[in-house]
Amino acid sequence: MAILGTINPLLTVGWNGDAGWRLQEYVQRGGYKALRRIIEEKIPAAQVIDEVKKSGLRGRGGAGFPTGLKWSFMPKGEGEKYIVCNTDEGEPGTFKDRDILRNNPHAVIEGMVIAGYAVGAARGYNYIHGEIWDLYKRFEEALDEARAAGFVGKNILGSGFDFELNAHHGYGAYVCGEESALLESIEGKKGQPRFKPPFPAAVGLYNKPTTINNTETFSAVPFVLNMGADAYLAIGKQNNAGTKLFSVSGHVNRPGNYEIPLGTPFAALLELAGGVRGGRKLKAVIPGGSSAPVLPAEIIMDCTLDYDAISKAGSMLGSGAVIVMDETTCMVRALERLSYFYHEESCGQCTPCREGTRWLYEIVHRIEHGKGRPGDVDLLRGLTTNIMGRTICALGDAASMPVQGFLKHYRDEFEYHIEHGKCLVPPEVQRAGSTFFKATV
Amino acid sequence: MLTTESIQKIDREIAKYPADQKQSAVMAALAIAQEELGWLPSEAIESVADYLGIPPMAAYEVASFYNMYDLKPVGRHKLTVCTNLPCMLSGGVDAAEYLKKKLGIGFNETTPDGRFTLKEGECMGACGDAPVMLVNNRHMCASMLPEQIDKLLEELK
């Protein structure tokens, strides 16, 4: 799918679906210029890191950690180091990295090579979500092109700098989106997260220092360096520099990816996405992927889309996955499906998560099916506080935050289900609202 | 037990990693074995482990952890339908129900003629194209309305 709409686009300029992703087209759009300049002008690695730092670029995978700062954590000097790209995009609602690989894989490659140069790494891997085989193959093709043109491999552009890059294909495990589980997975093991600290910058892939960034983050790096940190910083708003891809799904007329500057009002994105389906009323929005607490319409309609504003409203910008729900949605049913997902995807390593996610699902399931018990709402709340902060990775928190968000804003719907054994929204209305839908692209 | 062609593919995967890190190729090697055999019997898992020089249990741990590996036989065409929330809001559940009715089977079942296996999937990272389904782990189908589902089933002999 092509990008469906933009406001002041940067990353998606010139995207042309399946027709414009090859090396030649990327170079025509100014691709590999940033890498070429670094090599030709022999720009010191520290200066590249400083420029990325100064640009205010923050990680686009969910946590929003400053990219330049992350790079600066890597030990200086010689030694085996790695660059890893996280394209294990499986957070429900998120589908932006897939489109980056489809439309502009060379931007990711260029960003990774530059990162390798900046931190002194000679090898890199792009971990690609198992379900997108065709784009894994496309990325490998793009890598072949980049190798043949001297942008990847030994002695890049005659500089003496070597950087070998490969793709690693996942095979279906949400938890591998967590960076240390992803490293385990590249090492050929079960994707079970590691204790942190030590962080990957100290002990990463094959126990060597490793920088891991999201696909969109790497793809932004060439643009940041071409336009300069100050110009990038000027897009968006303070502490929220640049543009971001937002994946809009659910009850809108035009589900798809949109690139807008951070700080754009939610209402503007909703309009780009064609508004709520069938002229119905907006009920709620999950603003940053399924782990982010849900926000009712009246709150989200007043928000701008940036890390600070969404956090202030009580949720997270996360990966920029905006799940839109209209008035036909039963919030108990919506949460039931999300809770099933976390239960299914818990890696089983930590007891609070393995057992807790099962209980969260089973309790929401019984409420949804008319068998809720008085006190279930408080039981759910108590479970979340006993899971959060008590696990090795953030999956336990990710499973708990949606429960807390749904209960905070829609407690009455849960209570109604428990008391009456049925939903406030009649089943036929729910069904009609979420049935087969043909998007108006 | 693997064909020369599969072994060649596995060798290409091994070459991606440092020489002392052959285990890194286990995920790809298992996927290649599954592609050849249709599923992963324990002998296949063991021969992958042998080839990579790792304990069979290490390969089995991987095969049983990632959910796109099939440790039991499946039909010629495995259809995995996403019913997660974003898909659910755009007909993902209806698509699953439509398939169940049409094929006369439930999730994790195979049609008596061995043609189709139906699976419920988790997020495939394609929510904007909902309803989505994956055919044999490899081919993602977007906007699967009844007409498109009928066409797909017709094509998959």
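The values are calculated or read from the model by the stated rules, or taken from the named source; none is laboratory data. Every value quoted in this text rests on a predicted model; they were computed, and no experiment measured them. A quick note on method: Cβ atoms are made from the backbone with ideal geometry, for glycine too, and the neighbour counts reach across all protein chains shown. We work out accessible area using only protein heavy atoms, side chains counted, and drop any ligands, DNA or RNA first. Shrake-Rupley method; radii C 1.70, N 1.55, O 1.52, S 1.80 Å.
A few remarks follow.
- Mean separation of Cα contacts under 8 Å (6+ apart) over length of the stretch A:70-170, as relative contact order %: 32 percent
- Per residue, the Cα convex hull of the stretch A:125-244 amounts to 150 Å³.
- Top positive-direction residue, dipole computed over the protein assembly as shown with Cβ charges, set A:Val52, A:Ser291, A:Tyr342: A:Val52
- Here, the stretch B:1-109 has an Rg and a Dmax of 17.1, 51 Å when only alpha carbons are counted.
- The residues neighbouring A:Ser346, those whose beta-carbon lies less than 14 Å from its own, together hold a net charge of -3 under the Lys/Arg +1, Asp/Glu -1 convention.
- Nearest-ten-degree value, helix A:376-387 long axis tilted from longest Cα axis of chain A: 30 degrees
- Whole-Å semi-axes of the ellipsoid equivalent to chain A (Cα gyration tensor, √5λ, descending): 39, 24, 18
- The long axis of helix A:331-345 is offset from the longest Cα principal axis of chain A by roughly 50 degrees.
- Largest to smallest principal axis extent of the C-alpha atoms in the stretch A:6-83, angstrom: 41, 32, 23
- Over chain A, DSSP H runs of length four or greater, each weighted -39,500 (n - 2.57), average out per residue to a 222 nm ellipticity of -13000 deg cm²/dmol.
- Taking each of A:Lys371/B:Lys102; B:Lys101/B:Lys157; A:Lys70/A:Lys312; A:Lys154/A:Lys244; A:Lys53/A:Lys76 in turn, the alpha-carbon distance tops 28 angstrom for A:Lys371/B:Lys102; A:Lys154/A:Lys244.
- Total formal charge among the other residues, if their Cβ is under 10 angstrom from that of A:Pro66, Lys/Arg +1 and Asp/Glu -1: +3
- Under 20 Å from the A:Leu379 label point (7 Å along Cα→beta-carbon), backbone N, the stretch A:346-367: A:352-367
- Reachable lysines, given that their alpha-carbon falls under 21 Å from the alpha-carbon of A:Lys190 and they are not under 8 places away in the same chain: A:Lys208, B:Lys16, B:Lys22, B:Lys72
- Whether the stretch B:4-65 is rounded, prolate or oblate, judged on the alpha carbon gyration tensor where a/c under 1.5 counts as rounded: oblate
- Where GluC sites (Glu not before Pro) in DSSP loops with at most 13 other Cβ within 10 Å are excluded, longest remaining stretch of chain A: A:79-441
- Furthest towards positive pole of dipole, B:Ala44, B:Ala58, B:Ala25, structure part the stretch B:4-65, Cβ charges: B:Ala25
- Computed about the Cα centre, the dipole magnitude for the protein assembly as shown is approximately 660 debye when only Lys and Arg (+1) and Asp and Glu (-1) carry charge, each at its Cβ.
- Percentage relative contact order, the stretch A:338-441, counting C-alpha pairs under 8 Å, at least six apart: 28 percent
- Rolling a 1.4 Å probe over the protein heavy atoms gives the stretch B:77-156 an accessible area of 35 Å² per residue.
- Alpha-carbon centroid distance for the pair the stretch A:189-263 / the stretch A:19-75, whole angstrom: 12 Å
- Helix-derived mean residue ellipticity, 222 nm - over chain B, DSSP H n ≥ 4, -39500 (n - 2.57), to 500: -13000 deg cm²/dmol
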